[in-house]
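*Asks:* The structure's right below; bear with me while I get my questions together.
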Amino acid sequence: MLEIGAIVWGVQDVLRAVEFWSQALHYQLKYPATEGWAILIPTEGTGVQISLNKVSSPKAKRHHIDLFTDDQAGEVERLLALGATRKAWNYEPGADYVVLQDPDGNPFCVVQR
């Protein structure tokens, strides 16, 4: 049996990503971050580890995270205040998700549970 141990997220600025994703997900550093690598884990309880890896390409990678919530509008506003931006997207009728980008331009979705 396999299980997801970590999601590795490519970013240009690891320390900025640590700040954003720690606050966005209520995660904390597992070990002290370096300029090239950081590992984030849930502050409380269990969850998937997020590994932040410095990349040289300014383009967003072909990956994204779906974040599930019971308060989509509230979470979208909170994430925008933390530095996320809205990504232009052609939503289908009745879409239950909002597409945002982290400060490095990596897309992620906030999905209404």
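*Asks:* For the chain, give the magnitude of the charge dipole about the Cα centre (Cβ charges: +1 Lys/Arg, -1 Asp/Glu; no others), in debye to the nearest 20.
*Replies:* Charge dipole, the chain, about its Cα centre: 420 debye, nearest 20.
*Asks:* Let me ask something else about it. If the elastic network links every pair of Cα atoms under 10 Å, which of Arg16, Arg86, Arg62 fluctuates the most in the Gaussian network model of the chain?
*Replies:* Looking only at Arg16, Arg86, Arg62, the biggest GNM fluctuation is shown by Arg62.
*Asks:* Given R₀ = 22 Å, FRET efficiency for Val48-Gln12 by Cβ-Cβ distance, to 0.05?
*Replies:* E(calc), rounded to 0.05, equals 0.50.
*Asks:* While we're here: Return the calculated 222 nm mean residue ellipticity for the chain, to the nearest 500 deg cm²/dmol, obtained by summing -39500 (n - 2.57) across DSSP H runs with n ≥ 4 and dividing by the residue count.
*Replies:* Value at 222 nm, helices only: -6000 deg cm²/dmol.
*Asks:* Output the 0 to 90 degree angle, nearest 10, between the alpha-carbon long axis of helix 14-25 and the longest principal axis computed from the alpha carbons of the chain.
*Replies:* Rounded to the nearest ten degrees, it is 50.
*Asks:* So, one more: Tell me the label-point distance for the pair Val55, Leu29, using the 7 Å Cα-to-Cβ offset, in nm and rounded to one decimal.
*Replies:* 2.3 nm
*Asks:* Report for the chain the percent antiparallel among DSSP-assigned beta bridges with both residues inside it, nearest 5.
*Replies:* If we restrict to bridges inside the chain, about 55 percent are antiparallel.
*Asks:* Heavy atoms only, probe 1.4 Å: what % of the accessible area of the chain goes to carbon and sulfur, would you let me know?
*Replies:* 54 percent
*Asks:* Using the alpha-carbon atoms, what tilt in degrees (0 to 90, nearest 10) does helix 72-82 show relative to the longest principal axis of the chain?
*Replies:* 50 degrees
*Asks:* Please list, or write none, the aspartates and glutamates whose alpha carbon is within less than 16 Å of the alpha carbon of Lys30, excluding same-chain residues fewer than 8 places away.
*Replies:* The qualifying aspartates and glutamates are Glu19, Glu44.
*Asks:* Using a 1.4 angstrom probe and counting only protein chains, how large is the accessible area of Ser57 in Å², to 10?
*Replies:* 50 Å²
*Asks:* With an 8 Å cut-off on Cα pairs and a minimum separation of 6 or more residues, tell me the relative contact order of the chain in percent.
*Replies:* For the chain, the relative contact order is 26 percent.
*Asks:* Within region 16-34, name every residue whose backbone N is under 15 Å away from a label modeled 7 Å from Cα of Asp71 along the Cβ vector.
*Replies:* Zone members listed by number: 24-26.
*Asks:* Given a 1.4 Å probe, how much area per residue of the chain is accessible, in Å²?
*Replies:* That works out to 63 Å² for each residue.
*Asks:* Not counting ligands, DNA or RNA, and with a 1.4 Å probe, what is Phe68's accessible surface area in Å² rounded to the nearest 10?
*Replies:* In the full protein context, Phe68 sits at about 120 Å².
*Asks:* In sequence order, what are the phi-derived ³J(HN,Hα) couplings for region 40-48 according to the Karplus relation 6.51 cos²θ - 1.76 cosθ + 1.60 with θ = phi - 60°, rounded to whole Hz, with x for glycine and proline?
*Replies:* Listing the rounded values in order: 10, 10, x, 5, 9, x, 10, x, 6 Hz.
The values are calculated or read from the model by the stated rules, or taken from the named source; none is laboratory data. Since the model is a prediction, treat every value here as computed from it, not as a measurement. When we count neighbours, we look across all protein chains shown, and the Cβ atoms used for this are built from the backbone with ideal geometry, even at glycine. Ligands, DNA and RNA are stripped out before the accessible areas are found, and what is left, the full protein with its side chains, is counted by its heavy atoms. Shrake-Rupley method; radii C 1.70, N 1.55, O 1.52, S 1.80 Å.
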